[in-house]
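The values are calculated or read from the model by the stated rules, or taken from the named source; none is laboratory data. This one's a predicted model, so the numbers in the text were calculated from it and none came from an experiment. Glycine also receives a Cβ, built like all others from the backbone with ideal geometry; neighbour counts cover every protein chain displayed.
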Amino acid sequence: MWWDYQDVAEAKERIQREIAKRKKKGEAFEALVPAVGKKHVCTTFWGKAWCSHLETYQEYESRLPRGRSYLRQGNVYNVESEPGKVTAVVAGSELYDTQVFIQPLKASKWQDIVEKCEGQVGSMLDLLAGKLGDGVMSVLSDAEEGLFPKTKEIRFNCSCPDHADMCKHVSAVLYGVGVLLDAKPELLFTLRGVDGADLLAKAKDAAVTGVTENAGELAGADLSALFGIELGEIAEPVKEVTTVTKVKKLAKPKTPEKPAKRPRSRGA
């Protein structure tokens with residue numbers, strides 16, 4: 001047993017010398033540090049959910065604890081991510097280059113997720129913080145139909161001599177993804193090749209569509225029942241009546257008749 005401890009100590013010293021040599025050549029070596037003094041390596045909703053999902057991979061259950069231990073010991077360096085890919089350098093008995101490839105989520109599955117979450121995602125900040133209703137979060141983190149990849153959607157490669165399907169170095173990088181999600185939860189959408197904003201856009205579209213549909217429904221609705229009032233049939237519009245007052249012309253005053261002239265009497 002004493003020789004085992006000695007071998008481990010020598011391996012660590014050798015690794016540190018190799019790291020120092022690479023740094024002199026200008027290569028950056030930055031360890032990925034998980035939460036210290038915590039039961040879980042991750043602290044946020046998305047980081048914890050990712051790690052919990054890893055632990056559903058029953059075919060890799062014997063390798064996952066070793067990888068988690070490697071991460072806690074600070075043996076995962078230079079983690080980089082891009083759509084569908086995560087790379088890192090993992091320190092074991094040597095420095096090993098490790099790659100993890102994640103297939104994009106199928107467009108049909110993403111559309112199903114968007115439809116299930118329709119109208120429930122009001123804020124991108126709340127989405128990334130995991131502060132949405134249980135219904136939305138359970139849809140997104142569902143082991144079978146959610147965002148997280150299944151084992152058949154993950155491929156990996158490591159320069160170590162371990163010929164197992166998943167070596168402890170790959171396992172350490174997978175747990176490292178959870179630590180990355182603690183800081184950048186949007187990375188999950190990037191790795192799966194989808195746009196998280198689709199969930200928010202769908203919510204806005206639903207609101208607008210709802211208003212339009214309601215307007216259409218009102219057009220044919222029974223307004224009497226809707227508003228609780230009796231609405232009679234509207235009669236034809238009453239024509240405006242213009243009152244014309246006829247002014248009766250006053251008759252001209254008659255000229256008084258002149259008295260008839262009396263005949264002159266001839267001499268008496």
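If you go through segment 101-134 and keep only what is of a type outside the set (Gly, Ala, Ser) and in a loop (DSSP other than H, G, I, E, B), you end up with 103, 104, 105, 106, 117, 118, 120, 121, 131, 132.
Table: residues versus (1) farther than 29 Å from residue 30 by Cα; (2) of a type in the set (Ser, Thr, Tyr); (3) under 20 Å from the mean Cα position of the chain (by Cα).
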site	(1), (2), (3)
124	yes, no, yes
133	yes, no, yes
143	yes, no, yes
151	no, yes, no
155	no, no, no
180	no, no, yes
186	no, no, yes
189	no, no, yes
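Taking the criterion of being more than 20 Å from residue 96 (Cα to Cα) and part of a loop (DSSP other than H, G, I, E, B), the residues of segment 46-68 that qualify are 55, 56, 57, 61, 62. In segment 22-32, is there at least one residue being exposed (fewer than 13 other Cβ atoms within 10 Å of the Cβ), outside the structural domain of residue 185 (by TED's automatic domain parsing) and assigned to a helix (DSSP H, G or I)? The answer is yes; a qualifying residue exists.
Against the conditions (1) farther than 28 Å from residue 59 by Cα; (2) surrounded by 14 or more Cβ atoms within 10 Å (Cβ to Cβ), residue 129 satisfies every one except (2). Restricted to segment 155-174, and to residues there that are among the aliphatic types (A, V, I, L, M) and modelled with pLDDT of 95 or more, the residue that is nearest to residue 51 (Cα to Cα) is 174.
Among the candidates 98, 43, single out the residue that is on the phi < 0 side of the Ramachandran plot and either assigned to a loop (DSSP other than H, G, I, E, B) or of a type in the set (Gly, Ala, Ser) (or both).
On the way: 98 fails: either assigned to a loop (DSSP other than H, G, I, E, B) or of a type in the set (Gly, Ala, Ser) (or both).
Exactly one residue qualifies, and that residue is 43.
Selection of segment 152-175 for residues being among the hydroxyl-bearing types (Ser, Thr, Tyr) and over 16 Å from residue 188 (Cα atoms) yields 159, 171. Of the numbered criteria (1) modelled with pLDDT under 90; (2) exposed (fewer than 15 other Cβ atoms within 10 Å of the Cβ); (3) among the small types (Gly, Ala, Ser), the one residue 107 fails is (1).
In the set (1) among the basic types (Lys, Arg); (2) more than 25 Å from residue 43 (Cα to Cα); (3) crowded, with 19+ Cβ neighbours inside 10 Å, residue 168 fails one condition alone, (2). Being under 21 Å from the mean Cα position of the chain (by Cα) and assigned to a helix (DSSP H, G or I) is a property that residue 8 lacks.
Across segment 76-113, the qualifying residues are those that are acidic (Asp, Glu) and either more than 27 Å from residue 9 (Cα to Cα) or not assigned by TED's automatic domain parsing to the domain that holds residue 174 (or both), and the one among them that is farthest from the chain's Cα centre (by Cα) is 80.
Yes/no matrix, rows are residues, columns are (1) modelled with pLDDT under 95; (2) of a type outside the set (A, V, I, L, M); (3) in a loop (DSSP other than H, G, I, E, B):
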residue	(1), (2), (3)
4	yes, yes, no
20	yes, no, no
38	yes, yes, yes
70	yes, yes, no
77	no, yes, no
